[in-house]
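Let me begin by presenting the structure, written as structure tokens, before commenting on it.
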Amino acid sequence: MTLPSNDHAYLRNVAPDQLAALIFELASQLHVERQRRIALETALQRAGLLQTDTLDALAADTEIQNMGREALDLALRRLLRIVTETGDPRGPLRAEHC
């Protein structure tokens, strides 16, 4: 299957340095989130307040899935700023409007 020529056009003018910055930002955020989740789950389990099967059931909850989608949308808007930002890469990014 051939993709339309305009598919992923938003990456056409992105410098490799911007993509690398995006990847490292994602890796950093993933690491922090994972560490916090593990710490929270462990604390709750040690206190006897949480069972593993409870987490599995909550992950399938529609309300929680919607909250996750909203958080993902906001995070993606912020991350895409990395590949759309212009100017001196050593300077701060423009003010967030998300």
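The values are calculated or read from the model by the stated rules, or taken from the named source; none is laboratory data. As the structure is a prediction and not an experimental result, all values here were calculated from the model. Here Cβ is always computed from backbone atoms with ideal geometry, including for glycine, and neighbour counts include all displayed protein chains. Ligands, DNA and RNA are excluded from the accessible area calculation, which covers all protein heavy atoms including side chains. Shrake-Rupley method; radii C 1.70, N 1.55, O 1.52, S 1.80 Å.
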- Query: Say a paramagnetic label sat at a point 7 Å from the Cα of LEU76, along Cα to Cβ; which residues of region 43-69 have their backbone N under 18 Å from it?
  - Reply: 64-69
- Query: Quick one: if you stick a label point 7 Å off each Cα along the C-beta vector at GLU85 and GLU63, how many nm between them?
  - Reply: 3.7 nm
- Message: Calculate the FRET efficiency for PHE24 and ASP53 from the Cβ-Cβ distance with a Förster distance of 25 Å, rounded to the nearest 0.05.
- Response: 0.10
- Message: Test of understanding: what is the full-extension gain from ARG12 to VAL32, defined as 0.36 nm times their sequence separation minus their Cα-Cα distance?
- Response: 4.2 nm
- Message: Quick one: 3J(HN,Hα) in Hz for region 43-52, Karplus 6.51/-1.76/1.60 with θ = phi - 60°, rounded, Gly and Pro as x.
- Response: 4, 5, 5, 5, 7, x, 9, 8, 10, 4
- For GLU70, the accessible surface traced by a 1.4 Å probe with all protein chains present amounts, in square angstrom to the nearest 10, to 130 Å²
- Note on the structure: A correct Karplus calculation of ³J(HN,Hα) over region 14-20, with 6.51 cos²θ - 1.76 cosθ + 1.60, θ = phi - 60°, whole Hz and x for Gly and Pro, returns 8, 6, x, 5, 5, 5, 4
